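This structure is in structure tokens; I'll ask about it shortly.
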DNA sequence: CGTAAAATTGAGCTGTCTCAATCAATGTGG
DNA sequence: CCACATTGATTGAGACAGCTCAATTTTACG
């Protein structure tokens, strides 16, 4: 019963992403407000948090102040699937917007995985998706130019938001600051600003008033390819 | 019976790494020689290959000739744990040295996972290790300088080779070309050469005659930190 | 409404790249 | 076992993508 329930939640939150649109119910839900650190790097977490609403980042912070965003966390996503199998968090999780998360019991999750092949497959395919994005980021950072990387990030986010039904025509709500884009692409905010200015000038992409508008998707995808 | 056998092999190859030193037995073993492409990007692989002997790379190749090495594959390692759960390979696998691999049946692997919690844990902890290295690489590429990245790569390989008992004092057999280091760190071979020359000049690290010698581990680790 | 955070712009700098040449090592066929 | 061919290492000169520093304007928040 519990296993099944868990499984249902997982399907909703992680995979079908349908609950994001519905009313939040679970008692384990925790709200967070914008621009807060929700979990600290190297913290031990006894459960597996899944973002329920809002945007957040998973960031690796170096001692000298440099930081690299490893992933943007959107509704329905685990901070990292690694947490299903280990307890120590290797990143800092910072909220971007207001939102909420739910914490799933690790043992129950694992029980659900062994009891239900479907749950097993879903969690593992989420892990594969996470791993695929990481590899994509490695290629971007290692072998692509600044504008290619920014284009790639915008495309990735667009595609993910589209799956969440958050897009509307060529436009989508977009709470990222230029510093988020910089920390995700390994650039400086100053240079990100120049790249985005160039994109705007070319009539390809426009970010303003917390909205991202893609004016020439073909061109953007070609640049990111 | 089969499940157990598989599990045993896995322990040997992937986790305890003990079989690497012993005689190869399995009939599914395939030999490869140096500087060959073993698997192609986007190829469908019906089984899960594990490197048994020798060095190889998993490389993502872009259409314009740029390439990024995602990981170096050492004895006992899967190309990527993703292959346990999906069939399409997203990278090219190229051998560096002569060597061999064994191909495990995917379905049998998965059966072994569900039958044996220990196997389950081992495969997933291998996946976590893979994911951890990927995240480390992202941070390196995004936020560290050329010499930090090269130092980091040498340290990573040193530590992995040490676990395989391949190191001898401060020295270890090291078949990588400077172009491998370049493709792994997102640099050019010319610049890698300059960085390595600097390392040598400082008496920190020396690579010659297919051997890596670490002359000042403390300094190297501090640089890579 | 004041203050802090974010975006924008400009000037100059540097880490890393490109191009190109040379030299060393490794492998190959005869 | 040699001569050649190929691959890898090294070095130098010059270029440029992206950085730093710094000032200014705009936007957002308490």
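Given (1) more than 13 Å from DNA strand C (Cβ to nearest atom); (2) in a helix (DSSP H, G or I); (3) away from chain B (no Cβ under 12 Å), identify the lone condition not met by residue A:127.
Status for residue A:127: all satisfied but (3).
Of everything in region B:79-108, what is in a helix (DSSP H, G or I), touching a strand residue (DSSP E or B) at 6+ places or on another chain (Cβ under 7 Å) and more than 12 Å from every other protein chain (Cβ to nearest Cβ)? Give them in sequence order.
The answer is B:106, and nothing else.
Do we have any residue at all in region A:48-61 that's in a loop (DSSP other than H, G, I, E, B) and modelled with pLDDT of 95 or more?
Within region A:48-61, one or more residues are in a loop (DSSP other than H, G, I, E, B) and modelled with pLDDT of 95 or more.
Which of (1) closer than 24 Å to residue B:66 by Cα; (2) more than 23 Å from the chain's Cα centre (by Cα); (3) within 12 Å of DNA strand D (Cβ to nearest atom) is the odd one out, the single condition residue A:192 does not satisfy?
Here residue A:192 clears every test but (2).
Please find, among B:164, B:176, B:153, B:157, the residue that is under 15 Å from the mean Cα position of the chain (by Cα), more than 10 Å from chain A (Cβ to nearest Cβ) and either over 19 Å from residue B:220 (Cβ atoms) or within 11 Å of DNA strand C (Cβ to nearest atom) (or both).
Only one candidate passes the filter, namely B:164.
Quick check on my filter: what residues within region A:195-210 are within 8 Å of DNA strand D (Cβ to nearest atom) and surrounded by 14 or more Cβ atoms within 10 Å (Cβ to Cβ)?
Across region A:195-210, the qualifying residue is only A:195.
Inspect region A:65-75 for any residue being within 13 Å of chain B (Cβ to nearest Cβ) and surrounded by fewer than 17 Cβ atoms within 10 Å (Cβ to Cβ) and give the result as yes or no.
Yes, because at least one residue in region A:65-75 is within 13 Å of chain B (Cβ to nearest Cβ) and surrounded by fewer than 17 Cβ atoms within 10 Å (Cβ to Cβ).
Check residue B:163 against each of (1) within 10 Å of DNA strand D (Cβ to nearest atom); (2) farther than 30 Å from residue A:183 by Cα and name the one condition it does not meet.
Checking residue B:163 against (1) within 10 Å of DNA strand D (Cβ to nearest atom); (2) farther than 30 Å from residue A:183 by Cα, the one that fails is (1).
Working carefully through the options A:109, A:137, find the one that is within 16 Å of DNA strand D (Cβ to nearest atom) and surrounded by 21 or more Cβ atoms within 10 Å (Cβ to Cβ).
Exactly one residue qualifies, and that residue is A:137.
Could you list, in sequence order, the residues of region B:168-184 that are buried (at least 17 other Cβ atoms within 10 Å of the Cβ) and outside any loop (DSSP other than H, G, I, E, B)?
Matches in region B:168-184: B:172, B:178, B:180, B:181, B:182, B:183, B:184.
Restricting to region A:193-225, name every residue that is within 14 Å of chain B (Cβ to nearest Cβ) and part of a helix (DSSP H, G or I).
Selection gives A:221, A:222, A:223, A:224.
The values are calculated or read from the model by the stated rules, or taken from the named source; none is laboratory data. Note that the structure is predicted; figures quoted are calculated from it, not measured. Backbone-built Cβ (ideal geometry, glycine too); neighbour counts: all protein chains shown.
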